[in-house]
Amino acid sequence: MEKVSPALSALRDATRALHEQLEASLPVASRDAGREEFVCYLQDMWGWLATFEKRLWRANWPEALVAPARADKLAWIEQDLRASGMAPAEIAALPVAGYRPALATAAQRFGVAYVIEGAQLGTRVLGRALAPALEPWSPRWLQGYGDEQAGFWRSFIACAEAELDTPEARRDAAAAAADAFASLAAWFAQRQRLRVGCN
Ligand code: HEM
């Protein structure tokens with residue numbers, strides 16, 4: 001049994017219900033999802049990340065977290081969208097959520113980054129489910145950190161535990177994570193309402 005640490009517990013408790021709701025409502029997570037649902041999912045993730053990913057990772061992070069290696073998941077998604085047939089200009093013109101989280105404190109940054117780094121865990125599960133429908137395509141987004149996934153997650157959590165060492169810091173990080181999840185869920189819902197297909 002994994003030893004649960006206080007920061008991780010706070011982040012999980014604040015976001016568990018939102019995650020369950022996402023998993024239950026996302027077309028890409030449904031049993032019969034295929035290429036179309038996956039490409040729509042990528043487009044929406046791109047539109048959510050686009051307005052803050054650079055700012056998030058440009059901030060002051062502990063060296064042990066190796067922020068530069070985590071910092072450009074938009075590039076992973078762009079690689080996949082191009083492979084799906086989209087031109088760079090079409091990708092650049094995708095609708096964006098306009099999410100601009102507060103990132104002034106380390107607690108806020110860890111909360112938002114938890115959502116993005118944690119998503120890589122679920123992505124592995126999603127990748128296995130989608131593999132038969134996507135073959136022979138092996139999208140970059142679904143490869144995530146590959147064999148280094150467990151190490152990336154462990155070092156992220158170790159840094160989070162070291163940084164979020166007071167109840168106030170953990171409360172602020174949890175609030176930031178919940179806010180990020182809520183914005184993503186609202187964005188997915190908005191896109192689903194407007195889009196024809198993927199529903
Ligand atoms: C697309 C459908 C999704 C599925 C099927 C899914 C599934 C999962 C699964 C199975 C885990 C646990 C993995 C493990 O412990 O090894 C997980 C963890 C997580 N997922 Fe998702 N997920 C999905 C989407 C997302 C999205 C869109 C986000 C946010 C951007 C997200 C954020 C997280 C976080 C933060 C965790 C870490 C929880 C923790 O251990 O503290 N997931 N997901």
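The values are calculated or read from the model by the stated rules, or taken from the named source; none is laboratory data. Because the structure is predicted, anything quoted here is derived from the model rather than measured. Every residue, glycine among them, receives a Cβ derived from its backbone with ideal geometry; neighbour counts consider all protein chains shown. Surface areas here come from the heavy atoms of the whole protein model, side chains and all, with no ligands, DNA or RNA. Shrake-Rupley method; radii C 1.70, N 1.55, O 1.52, S 1.80 Å.
List of remarks:
- Residues in segment 6-38 that a label on Ala189 would reach, taking backbone N under 19 Å of a point 7 Å out along Cα→Cβ: 14-30
- Estimated D of segment 41-97 in µm² per second, where Rh is the Kirkwood radius over Cα pairs and Stokes-Einstein applies at 10 °C, 1.306 mPa s: 131
- Computed [θ] at 222 nm, deg cm²/dmol, the chain (DSSP H ≥ 4; -39,500 (n - 2.57); rounded to nearest 500): -22000 deg cm²/dmol
- Förster radius 22 Å - calculated FRET efficiency between Leu74 and Ala102 (Cβ-Cβ, nearest 0.05): 0.60
- The chain - accessible surface per residue (Å², probe 1.4 Å): 51
- Cβ-placed point charges (K, R +1; D, E -1), dipole of segment 27-193 about Cα centre in debye, nearest 20: 240
- Top of Ala29, Ala104, Ala75 by mean-square fluctuation, Gaussian network on the chain, Cα under 10 Å: Ala104
- Helix 35-49 axis, angle to the chain major axis (alpha carbon atoms, nearest 10°): 40
- Folded to 0 to 90 degrees: helix 167-194 orientation relative to the chain principal axis, Cα: 10
- Residue among Ala67, Ala87, Ala97 with the largest mean-square fluctuation in a Gaussian network model of the chain, springs linking Cα atoms under 10 Å: Ala87
- Applying 1/(1 + (r/R0)^6) with R0 = 35 Å to the Cβ-Cβ distance of Ala89 and Arg31 gives a FRET efficiency near 0.50.
- Counting only protein heavy atoms and a probe of 1.4 Å, the accessible surface of the chain is 54% carbon and sulfur.
- Segment 1-131: radius of gyration over Cα atoms, expressed as a fraction of 2.2 N^0.38 Å: 1.12
- Compared with the alpha-carbon gap, the fully stretched path from His19 to Ala150 is longer by 45.2 nm at 0.36 nm per residue.
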